[in-house]
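Below is one structure, written out as structure tokens; the observations come after it.
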Amino acid sequence: PHRPGEGWRGVATGTGRARGRARILRHPSEGSRLQAGEILVAPSTDPGWTPLFLKAAGLVVETGGYMSHGAIVAREFALPAVVNLPGILDGLQDGDEVEVDGRSGEVRLIRP
């Protein structure tokens, strides 16, 4: 369990910083739950997730690397993203306020 100010470090995608509510989705079919400006938190991504990237303020993916689908598409869309964060789906709760830094590879819990 993380406390505000604590965070995770993963693979930076090289694009910006975003802050918002974490929306944990385990499958793109849950996409209607994602509100504009929220941070999309997913186990992995493939092309089926891409339309959700247009709505999200940032992206956090539990798996993947710099050349993974999520990282590449996030760069194309200039979406702040961090990938390869094992355990983050269990460490975050839906609605937690987080900051995603695509330059440093850090995801920080602002407040639960």
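The values are calculated or read from the model by the stated rules, or taken from the named source; none is laboratory data. Quantities reported herein were computed from a predicted structural model and do not represent experimental measurements. Backbone-built Cβ (ideal geometry, glycine too); neighbour counts: all protein chains shown.
So the check is Cβ under 6 Å with 6+ separation or different chains; which pairs have a first residue in segment 18-36 that's assigned to a strand (DSSP E or B) and of a type in the set (Lys, Arg) and a second one that's loosely packed, with under 13 Cβ neighbours inside 10 Å and at pLDDT 95 or above?
Listed by first residue and then by second, the contacts come to 21/95.
Of all residues in segment 5-30, count the ones that are surrounded by fewer than 19 Cβ atoms within 10 Å (Cβ to Cβ) and either touching a Gly at 6+ places or on another chain (Cβ under 9 Å) or among the β-branched types (Val, Ile, Thr) (or both).
So the count comes out to 9.
Is one or more of the residues making up segment 61-72 charged (D, E, K, R) and either closer than 25 Å to residue 112 by Cβ or in contact with a Gly (Cβ under 6 Å, 6 or more places away or on another chain) (or both)?
yes
Would you pick out the residues in segment 1-17 that are over 15 Å from residue 108 (Cβ atoms) and assigned to a strand (DSSP E or B)?
Scanning segment 1-17 gives a single hit, 11.
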